[in-house]
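Report on the following structure.
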There are 2 protein chains.
Amino acid sequence: MDFALVAASEAGQADEVPVGAVVVFRGKVIVTVRNRMRELNDATAHAEMLAIAAAMKIVGSGRLSECDLYVTLEPCTMCAGAIAHARFRRVCFGAEDKKAGAVENGVQFFAHPSCHHHPEIISGIGAQKSQELLRDFFSARR
Amino acid sequence: MDFALVAASEAGQADEVPVGAVVVFRGKVIVTVRNRMRELNDATAHAEMLAIAAAMKIVGSGRLSECDLYVTLEPCTMCAGAIAHARFRRVCFGAEDKKAGAVENGVQFFAHPSCHHHPEIISGIGAQKSQELLRDFFSARR
């Protein structure tokens, strides 16, 4: 999660919402990415989506069942859906997102009967640092 | 929707789950794509996701608020989330997806309080042809 927090900080410096993500495959970090919505002019270019696409290329499979995802902010509905499609083994996230989150908030997708893959979920890791990055970013823009 | 159904049929011929999508911008078709999950070895390469990425490039904006999406099958949770992020004006889909759909089934995302964009939804257009394509595809694989 430390790597993901560094990536989130770099996102903030690049005027992106500070969210970072890391994928670990068989004990090794294979992807470290940050939110690139502004850079790519793409409202779907969340750190998790970029991490999933990169990891699938590296692993050479559309199924990441030996991978764990670390992300600094609770995944949204889109990303939760993508995480289920990708069959991650485990998802660790930092700060919760009461407005747009979809794991412990919102549609709580992994607990919903329409979700057909259930990764292990660990929340709160690095939450304080993640929240600080987000708060500083949004307060600087007001 | 006719174009989307042709794309869906082409997906089936390419051994992909037959789903097709079209984006219309200011009255013109700007994107016609099909599911490419198998070809790209990417479980997130649904027709809608590819359509959204392509449309954002063509329109030159991360917001597709002057665009309408036509897709032959009810969007899943991931795609519904992406559609909301992209701010589509209207979503027309064909067959409903009782197992993985997230518009009229599943998490019914656009009606959920955590969804902050509400496109106009039109369902059932071309549903019979879409269902036929899906049924033929899956029955041939059994």
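Miscellaneous remarks
- Against the conditions (1) of a type outside the set (V, I, T); (2) within 13 Å of the chain's Cα centre (by Cα); (3) in a loop (DSSP other than H, G, I, E, B), A:H118 satisfies every one except (2).
- Some residue of the range A:128-142 being modelled with pLDDT of 95 or more, within 14 Å of another protein chain (Cβ to nearest Cβ) and surrounded by 20 or more Cβ atoms within 10 Å (Cβ to Cβ): no
- Of the strands (runs of 3 or more DSSP E) lying entirely inside the range B:1-94, those containing at least 1 residues that are acidic (D, E), modelled with pLDDT of 95 or more and crowded, with 17+ Cβ neighbours inside 10 Å span B:67-73.
- The number of residues in the range B:124-134 that are out of contact with any Gly (no Cβ under 8 Å at 6 or more places or on another chain) and either within 12 Å of B:V91 (Cα to Cα) or of a type in the set (A, V, I, L, M, F, W, C) (or both) comes to 1.
Table: residues versus (1) at the interface with another protein chain (Cβ under 7 Å from one of its Cβ atoms); (2) acidic (D, E); (3) closer than 13 Å to B:G20 by Cβ.
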residue: B:N35; (1), (2), (3): no, no, yes
residue: B:A51; (1), (2), (3): no, no, yes
residue: B:M56; (1), (2), (3): yes, no, no
residue: B:R63; (1), (2), (3): yes, no, no
residue: B:E66; (1), (2), (3): no, yes, no
residue: B:C76; (1), (2), (3): yes, no, no
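- Scope the range B:55-84; condition of a type in the set (V, I, T) and either in contact with an Asp or Glu (Cβ under 7 Å, 6 or more places away or on another chain) or farther than 15 Å from B:M1 by Cβ (or both); matching residues: B:I58, B:V59, B:V71, B:T77, B:I83
- So A:N41, is it farther than 17 Å from A:I122 by Cβ and at the interface with another protein chain (Cβ under 7 Å from one of its Cβ atoms): yes
- Enumeration of residues in the range B:93-140 that are without any contact (Cβ under 8 Å) to a residue 60 or more places away in the chain and among the small types (G, A, S): B:A95, B:A100, B:G101, B:A102, B:G106, B:A111, B:S114, B:S123, B:G124, B:A127, B:S139, B:A140
- Residues of the range A:95-109 satisfying the condition of being surrounded by 23 or more Cβ atoms within 10 Å (Cβ to Cβ), at the interface with another protein chain (Cβ under 8 Å from one of its Cβ atoms) and part of a loop (DSSP other than H, G, I, E, B): A:A102, A:G106, A:V107
The values are calculated or read from the model by the stated rules, or taken from the named source; none is laboratory data. Quick caveat: nothing in here was measured; it's all calculated off a predicted structure. Cβ sites come from the backbone with ideal geometry, for glycine too, and all protein chains shown count toward neighbours.
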